[in-house]
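Data first, discussion second: the structure below is written as structure tokens.
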Amino acid sequence: MLTDHTADQDQRFTAAFSILSDAISNHAFPGASVAVLEHGNLIALRCFGRFTYEPHSPALSPTTIFDLASVSKVVATTTAAAILYEGGKLKLDDCVADLAPRFGTNDIRRYDVTIRHLLTHTSGLPAYVRLFEHAVTRTQLIEAAYATPLETDPGIRTEYSDIGFIILGDILENIAGEPLDRFCCREIFQPLGLAQTRFNPPPDWRQNIVPTRDDRTFRHKIIQGEVNDENAWVMGGVAGHAGVFSTATEVAEFAYCWLRGGSPILKPDTIAEFTAQQPGTTRALGWDRPTPPSSSGKNFSPQSFGHLGYTGTSLWVDPTRSLAVIFLTNRTWPDANNQAIKQIRPRFHDAVIEALTSS
């Protein structure tokens, strides 16, 4: 478990925290929760703003829960793949069509797509398809994902793909013999003591979860306590690409697991394998890396790894500094139109590193 050393550390991050306060004042996002981990110590844990822009809206606290969106790809799916890989149940160069024959079609290129391609987003599948517009059940949406045509030959280019991770999540469920949420709860969240991290949070958590959107076009309601992503929602809230909810503190605990060599859920060799840059791409297995211009800013080392989420979440880990920075917001409130977080993320991360190197 992390050691809490936040009591007398906040002054070091005055400049970094001012960036977030100003961003909230400018309506870049209603609220933010931040955790900074260094050498196994939680050296900063701060919350800013409110659930929404309304003055009567609840203020954020360290226990406030966020929809992690695509950060789920590493907190759940990538880690589940690493566990199955380490246990000998999954090979990185297994052919997807061998594991899931429905992926194969008359396009012969599909028989060259591997698990490694899915993890590195080099499968040739498109970035995103609004499958929820036609699929109304989990089964229908997964079938539609499997049937999505390739846009390029596998291994040719990196195209970040939700579709690839929907397929990967389904394959992992078939290998594990159980739903992804159940596997992740038993094999990842419980061993790490993550009591507020899960897919499909129960109704009594709702009042402690920030809303992500006032959806007036699809679900016609405020989205709070259920997954923001429409494809994941049609899948019942459990998907390879999105669906996990958590707090900044618990995402920091997850990051600490990867920083300390994977204990107690993975071995150091597996951590090294999954965080190394893969041939033909700038990405690692499941993880992004800080290729300029990066949301991590300019000061994270080349060995760093991280991930972003559409709702305004991010996790960046720098093993050379034994550092992790967790930055959670609900920037999609109320309608996801504000893109200011793209400039705020690198400025904030730069300010955090500058505070650490100047002290």
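I want to confirm something. Restricting to the stretch 94-111 and keeping residues that are in a loop (DSSP other than H, G, I, E, B), in contact with a helix residue (DSSP H, G or I) (Cβ under 6 Å, 6 or more places away or on another chain) and not aliphatic (A, V, I, L, M), which single residue is farthest from ASP153 (Cα to Cα)?
Taking the stretch 94-111 and keeping what is in a loop (DSSP other than H, G, I, E, B), we get 94, 100, 104-107.
Now narrow it down to the ones that are in contact with a helix residue (DSSP H, G or I) (Cβ under 6 Å, 6 or more places away or on another chain): 94, 100, 104.
The next check asks that each one be not aliphatic (A, V, I, L, M); those that pass are 94, 104.
Values: ASP94: 17, GLY104: 14 Å.
Within the stretch 94-111, the match that is farthest from ASP153 (Cα to Cα) is ASP94.
Every test in (1) farther than 30 Å from LEU125 by Cβ; (2) part of a loop (DSSP other than H, G, I, E, B); (3) of a type outside the set (Gly, Ala, Ser); (4) under 21 Å from the mean Cα position of the chain (by Cα) is passed by HIS27 save one, and that test is (4).
From the list TYR310, TYR256, exactly one residue is aromatic (Phe, Trp, Tyr) and closer than 27 Å to SER57 by Cα. Which is it? None of the other options fit; the residue is TYR310. The set of residues in the stretch 155-180 that are under 19 Å from the mean Cα position of the chain (by Cα) and acidic (Asp, Glu) comprises GLU159, ASP162, ASP170, GLU173. All conditions in (1) crowded, with 18+ Cβ neighbours inside 10 Å; (2) within 15 Å of ASP170 (Cα to Cα) hold for ALA147, with the sole exception of (1). Being surrounded by 23 or more Cβ atoms within 10 Å (Cβ to Cβ), in contact with a Leu (Cβ under 9 Å, 6 or more places away or on another chain) and either under 25 Å from PRO202 (Cα atoms) or touching a residue at least 12 places away in the same chain (Cβ under 8 Å) (or both) narrows it down to one residue among LEU259, LEU328; which is it? Matching residue, one of LEU259, LEU328: LEU328. The condition of being of a type in the set (Phe, Trp, Tyr), part of a helix (DSSP H, G or I) and out of contact with any His (no Cβ under 9 Å at 6 or more places or on another chain) holds for only one of PHE245, PHE254, that being PHE254.
Could you check, for the stretch 247-256, whether at least one of its residues is crowded, with 21+ Cβ neighbours inside 10 Å and without any contact (Cβ under 8 Å) to a residue 24 or more places away in the chain? No, there is no match, as no residue in the stretch 247-256 is crowded, with 21+ Cβ neighbours inside 10 Å and without any contact (Cβ under 8 Å) to a residue 24 or more places away in the chain.
Which residue is nearest to ILE115 (Cα to Cα), if the candidates are limited to the stretch 159-178 and must be in contact with a Gly (Cβ under 8 Å, 6 or more places away or on another chain) and in a helix (DSSP H, G or I)? The extreme case among them is LEU168.
Which residue, of ALA35, ALA82, ALA15, is within 30 Å of GLN190 (Cα to Cα), in a helix (DSSP H, G or I) and not hydroxyl-bearing (Ser, Thr, Tyr)?
Only one candidate qualifies: ALA82.
Report the residue count in the stretch 262-302 for those that are surrounded by fewer than 17 Cβ atoms within 10 Å (Cβ to Cβ) and in contact with a strand residue (DSSP E or B) (Cβ under 7 Å, 6 or more places away or on another chain).
The qualifying residues number 1.
Residue by residue through the stretch 216-237, note down the ones that are in a strand (DSSP E or B) and surrounded by 19 or more Cβ atoms within 10 Å (Cβ to Cβ). Hit for the stretch 216-237 is ILE223, nothing else. Regarding ALA336, is this residue under 23 Å from THR357 (Cα atoms) and within 18 Å of the chain's Cα centre (by Cα)? Criteria not met by ALA336. Checking SER72, SER33, SER25 one by one, the residue that is surrounded by fewer than 20 Cβ atoms within 10 Å (Cβ to Cβ), among the polar types (S, T, N, Q) and modelled with pLDDT of 95 or more is SER25 and no other.
Based on what the data block shows, is ILE163 in contact with a Ser or Thr (Cβ under 8 Å, 6 or more places away or on another chain), under 22 Å from ASN228 (Cα atoms) and surrounded by 20 or more Cβ atoms within 10 Å (Cβ to Cβ)? The answer is yes for ILE163.
So, of the residues in the stretch 81-97 that are among the charged types (D, E, K, R) and surrounded by 12 or more Cβ atoms within 10 Å (Cβ to Cβ), which turns out to be nearest to ILE163 (Cα to Cα)? Please lay out each step first, then the result.
Initially, the stretch 81-97 is screened for residues among the charged types (D, E, K, R), giving 86, 89, 91, 93-94.
In the following step, the residues that additionally are surrounded by 12 or more Cβ atoms within 10 Å (Cβ to Cβ) were identified as 86, 89, 91, 94.
Working: GLU86: 24, LYS89: 23, LYS91: 20, ASP94: 18 Å.
Filtering the stretch 81-97 for residues that are among the charged types (D, E, K, R) and surrounded by 12 or more Cβ atoms within 10 Å (Cβ to Cβ), the one nearest to ILE163 (Cα to Cα) comes out as ASP94.
Can you find a residue in the stretch 53-76 that is touching a residue at least 12 places away in the same chain (Cβ under 8 Å), in a strand (DSSP E or B) and among the small types (Gly, Ala, Ser)? For the stretch 53-76, residues touching a residue at least 12 places away in the same chain (Cβ under 8 Å), in a strand (DSSP E or B) and among the small types (Gly, Ala, Ser): present. For the stretch 139-153, indicate whether the set of residues that are farther than 30 Å from THR281 by Cβ, at pLDDT 95 or above and in a loop (DSSP other than H, G, I, E, B) is non-empty. No: the stretch 139-153 contains no residue that is farther than 30 Å from THR281 by Cβ, at pLDDT 95 or above and in a loop (DSSP other than H, G, I, E, B).
Report whether or not SER61 is modelled with pLDDT of 95 or more, under 17 Å from PHE245 (Cβ atoms) and surrounded by fewer than 17 Cβ atoms within 10 Å (Cβ to Cβ). Show your work before the answer.
Working: modelled with pLDDT of 95 or more: yes; under 17 Å from PHE245 (Cβ atoms): yes; surrounded by fewer than 17 Cβ atoms within 10 Å (Cβ to Cβ): yes.
Yes; evaluated as a whole, the condition is true for this residue.
The values are calculated or read from the model by the stated rules, or taken from the named source; none is laboratory data. A quick note: this is a predicted structure, and the numbers were derived from the prediction, not measured. Methodologically, a virtual Cβ is constructed for each residue, glycine included, from the backbone with ideal geometry; neighbour enumeration extends over all protein chains shown.
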